[in-house]
Amino acid sequence: MTACVLITRPKAQAAAFASALQVAHGEPLRCVISPLIEIVSLKVEGAFDDVAHVVFTSVNGVNEARRVGILQGIPAWCVGSKTAKIAMNAGFDVRIAKGDSRSLVSLIAGKSPKGRMVHVRGRHVAGTVIESLDAVGIHCEAVMAYDQVAVMPTQAAIDVLRGENPVIVPLFSPCTAKLFSQIADFNAPLHLVVMSDAIDVQSRDTRVFSRVIAGNGAGLGMLESTLAAYAQFSP
């Protein structure tokens, strides 16, 4: 009884995670990619040439920052290592938190940066970065640069969910977790791997055999936890 990993991230990120799983596993591993959201850029008003600091809580935010004209080279406060890597490749001067919004706020608060700060984000976000920064006296503007539009699951995803073999489902965002919880027609034993407590809350309506919150909020923790679940349910 071989398990399957069902990856519901946006297409490019899903493909990258599937590839990382295969490399880390070292042998064939069945993955089904079925994005439940599509990233759609939004029209953004205003000028950003005076921005001194930018906050990134996702790779999508980095991509959109370049589109709206935020200058490269300025300090970028990144939630985790994967986002930081993309930001560094895009020309930003990165600072790296420990993979969750709480550590990101703590990192920024500890340095008390001066000048205009913006958080480039989607319509749906995990955590309360701006509110938490405001509570410690640091003003940060929200730049809503993209939307996460719901997408129907693929037939391949429906087939594995209706099957009898275990399905490992890593969930990386509250938005995706909520959408996945709305899929009612499944028979397979589900094993969720969620990246944070906030995501876990949104997945609580999903009937599962097991769930685990990744020990490390960043991508490495999700990779390790997903592989551990796959090994457990693929004897």
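Can you tell me the Rg and Dmax of segment 40-147, counting just the alpha carbons, in angstroms?
12.2, 34
I need to check one value: relative contact order of the chain, counting alpha carbon pairs closer than 8 Å and at least 6 residues apart, in percent. It would help to have the intermediate numbers written out before the result.
Details: 495 pairs, mean separation 53.2, N = 235.
Result for the chain is 23 percent.
Give me the percent of DSSP beta bridges within the chain that run antiparallel, rounded to the nearest 5. Can you show the working numbers first?
Values: 5 of 35 bridges.
Bridges in the chain are about 15 percent antiparallel.
Using r as the Cβ-Cβ distance of Ala109 and Met88, and R0 as 30 Å, what FRET efficiency do you calculate, to the nearest 0.05? Walk me through the numbers before you get to the answer.
On the way: r = 22 Å, r/R0 = 0.74.
Result of the calculation: an efficiency of 0.85.
Where does each of Leu133, Leu6, Leu220 land when they are ranked from fewest to most other beta-carbon atoms within 10 angstrom? Walk me through the numbers on the way to the answer.
Values: Leu133 20, Leu6 24, Leu220 17.
Final ranking by Cβ density, sparse to dense: Leu220, Leu133, Leu6.
Run the simple label-point estimate for Met144 and Arg123 please: 7 Å along Cα→C-beta, distance reported in nm.
0.8
Taking 0.36 nm per intervening residue step and subtracting the Cα-Cα distance, what contour gain separates Ala228 from Arg66 on full extension? Could the numbers behind the result be given before it?
Numbers: separation 162, 0.36 × 162 = 58.32 nm, distance 3.63 nm.
Full-extension gain reported as 54.7 nm.
Given R₀ = 22 Å, FRET efficiency for Asp185-Glu164 by Cβ-Cβ distance, to 0.05?
Values: r = 15 Å, r/R0 = 0.66.
Computed FRET efficiency for Asp185 and Glu164 comes out at 0.90.
Fewest Cβ neighbours within 10 Å first, please rank Asp100, Asp50, Asp134 accordingly.
Details: Asp100 21, Asp50 8, Asp134 12.
Neighbour counts put them in this order, fewest first: Asp50, Asp134, Asp100.
Of the DSSP beta bridges with both residues in segment 40-147, give the percent that are antiparallel, rounding to the nearest 5. Each step should come with its number before you reach the end.
Details: 2 of 18 bridges.
Approximately 10 percent, going by the DSSP bridge assignments.
Readers should treat all values here as calculations from the given coordinates under stated rules, not as data from a laboratory. Source: prediction; values computed, not measured. With ideal geometry, Cβ positions are generated from the backbone for all residues, glycine too; neighbour counts draw on all protein chains shown.
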